[in-house]
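The numbers here are math on the coordinates, done by the rules we state, and not lab data. Because the structure is a prediction, the values reported are computed rather than measured. Cβ placement follows ideal geometry from the backbone for every residue including glycine, while neighbour counts extend to all protein chains displayed.
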């Protein structure tokens, strides 16, 4: 495969024949994410992510999805330290699943068939025993690989839930394009655009039936978490020119179990 999904360089299907002797040592570096200033975010992550990142909506038409802003300039992630570690308190699940990913001809179809892939260009992939084995001596999946599959299955379930949330926002005409302007510590002006937010006036103007629909689907809370997270735009911009090691604690992560998907950012 060609480069895809922001951070994947060469994702290929995981097979016993090709990866029978492979191991993966994950969670020691986030160099793979250094060049992305936003990543997709699932609705289950809003409570944790919204406390630290700005949650907006990226993409267009049927491809709109919530994203966590990690920087305000193209190709700049303000949460990856010079040493390659993560300086935030919460690591988005999109990054925690790396170097693994599900591949499908139509990921938007809830009945689609998915194939587990691994980015073979990830520095932690090896055949000399470092990290966690993918298959045991008998060629069976290890518990580690089973946990990876469980995590990605939970992620895909949350992806479908997230798409339903966005679809309702679109149906109710709540999203509007927005841009933000910043004055950096250097005095330089910077503009961030290409994203959407929920329009507060349109939200307040919704009929009682539509408001009740949002409440019953637990989506009103998601909207409030999104709106509250917009206050994080300025702190993110203030990271420019500041060593990220001093901004927050260091974090090491690895693929999580399905239960960890909704409860923690450090698996």
Hits in the stretch 41-64 (condition: surrounded by fewer than 17 Cβ atoms within 10 Å (Cβ to Cβ) and on the phi < 0 side of the Ramachandran plot): 47, 51, 60, 62, 63
Qualifying residue in the stretch 142-154 (condition: within 25 Å of residue 16 (Cα to Cα) and part of a loop (DSSP other than H, G, I, E, B)): yes
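Here are some residues: 91, 80. Which one is farther than 25 Å from residue 161 by Cα, in contact with a strand residue (DSSP E or B) (Cβ under 7 Å, 6 or more places away or on another chain) and crowded, with 20+ Cβ neighbours inside 10 Å?
80
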